[in-house]
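Working notes for the structure below.
The numbers here are math on the coordinates, done by the rules we state, and not lab data. The model shown is predicted, which means the values in this text are computed figures rather than measured ones. Positions of Cβ are generated from backbone atoms using ideal geometry, with glycine treated the same way; all protein chains shown enter the neighbour counts.
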């Protein structure tokens, strides 16, 4: 419960820092600016969304194969927790803040526009951060090369800005939500999904065969 409260407080601080008063150009919004739209090559949404999809499927497959008893298996299950938390949180925030995207307006302070304006925060940035955070927290002290995994959310965040799909603060908030989701999931002794699913589904295919 204490960890859950800490997570909620941290997310609240992120929102407070990223969301200025409506119509006010203060806060972090001073860094928001629209860049030239680019969806070519590696910036094509199909490329990075495909990569995120492959990594998510690989995480699920690895968790089912490894089970929840080994260190790697437990980290994989925690990463699944992290993804669900990040996607759920960013989706709820999108409906709460209904911020317009750079492709729709040149004004980064158009919040609470209602309709289908779901710019804040970036779900892709949150998902990418949630995918790597548990692994960085678990292995980076022993294997500093694990910090290289942080290149994934950096790449996805830059791509979303280049696509004019998000403002810079949308991406920063997405990273923060994804990182906090990963930290919360990693801090738990037993992954949430492992507690919910029947034991037979989390014991690991490798153990069975």
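Using the average count of surrounding beta-carbon atoms within 10 Å as a protection proxy, the listed peptides 169-175, 60-66 rank, highest first, as 169-175, 60-66. Above 18 angstrom, tally the Cα pairs of the range 41-157 and express them as a % of all pairs, no decimals. Result for the distance tail: 59 percent.
Calculated from the alpha-carbon coordinates, the range 84-209 shows an Rg and a Dmax of 17.2, 58 Å respectively. Computed from label points 7 Å out along Cα-Cβ, the spacing between residue 140 and residue 30 is 2.8 nm. Using the average count of surrounding beta-carbon atoms within 10 Å as a protection proxy, the listed peptides 72-81, 115-124 rank, highest first, as 72-81, 115-124. Any chance you could run the full-extension gain for residue 37 through residue 91? It's 0.36 nm times the residue separation minus the Cα-Cα distance, nm to one decimal. Between residue 37 and residue 91, full extension yields 17.0 nm more. Treating r as the C-beta distance of residue 71 and residue 105 and R0 as 41 Å, the FRET efficiency rounds to 0.30. In the range 24-93, Cα pairs under 8 Å separated by at least six residues give a relative contact order of 18 percent. Taking the Cβ-Cβ separation of residue 49 and residue 199 as r and a Förster radius of 45 Å, what is the calculated FRET efficiency to the nearest 0.05? Taking R0 as 45 Å, the efficiency between residue 49 and residue 199 is 0.85.
Per-residue packing, averaged as other Cβ atoms within 10 Å, sorts the ranges 93-105, 32-44 into the order 93-105, 32-44, beginning with the highest.
Listed from fewest to most Cβ neighbours within 10 Å, the set 131, 151 follows the order 151, 131.
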